[in-house]
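Here, each number is a calculation from the coordinates, and none is a lab measurement. Please read these numbers as outputs of a predicted model, since none were measured by experiment. Positions of Cβ are generated from backbone atoms using ideal geometry, with glycine treated the same way; all protein chains shown enter the neighbour counts.
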Amino acid sequence: MALLTIDGTAMPDPVTYSAPMADMESSDSAYSESGVKIRNRIRQGIVTLELGWRVSDADAATILAAIEPGMVEVGYLDPRSGMRRIADMYVEDRSCNLLVHESSETDQTAVNWWEISFSLVEY
């Protein structure tokens, strides 16, 4: 089974996989005049998957096509349970860096290797 699926499509295994979790606070959370935090947490453990790959053109196209929609269903390994979890997520902070470009003058083809990274944030 793939480590990561997006809308049911298995992604190549990423070379970096980090899953920080954040809390969401209500708008009435603030600091008092004496500097004490007054916190009203309304949700905890919002997962952000920080992912990175080093892939060929074909895998880059698969990954980038999978994250085009505004919302995607992501199957991932949840560090809280060690089990697979499915969540609706959106993508942030896409980055595509060309690592290697090798062209052939005889048949006019090119081989490219990409470093792709982005974050998937739980709704």
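Here are the numbers for the structure shown:
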{"quantity": "DSSP loop trypsin sites (Lys or Arg not before Pro) with at most 14 other Cβ within 10 Å excluded, longest remaining stretch of the chain", "calculated": "81-123"}
{"quantity": "Value of Rg to Rh for the range 5-122 (Rh from inverse mean 1/r over Cα pairs, i.e. Kirkwood)", "calculated": "1.15"}
{"quantity": "GluC sites (Glu not before Pro) restricted to the range 28-123 and DSSP loop, no more than 12 other C-beta within 10 Å", "calculated": "33, 105"}
{"quantity": "Percentage relative contact order, the range 5-122, counting C-alpha pairs under 8 Å, at least six apart", "calculated": "28"}
{"quantity": "On Cα atoms only, tilt of 57-66 relative to the major axis of the chain in degrees", "calculated": "30"}
{"quantity": "Contour excess over end-to-end distance, with Cα ends at residue 112 and residue 16 and 0.36 nm allotted per residue", "calculated": "32.6 nm"}
{"quantity": "Taking 36, 121 and counting other C-beta atoms within 10 Å, the order from fewest to most", "calculated": "36, 121"}
{"quantity": "Inter-probe distance in nm under a simple model that places probes 7 Å from Cα toward Cβ, at residue 30 and residue 88", "calculated": "3.2"}
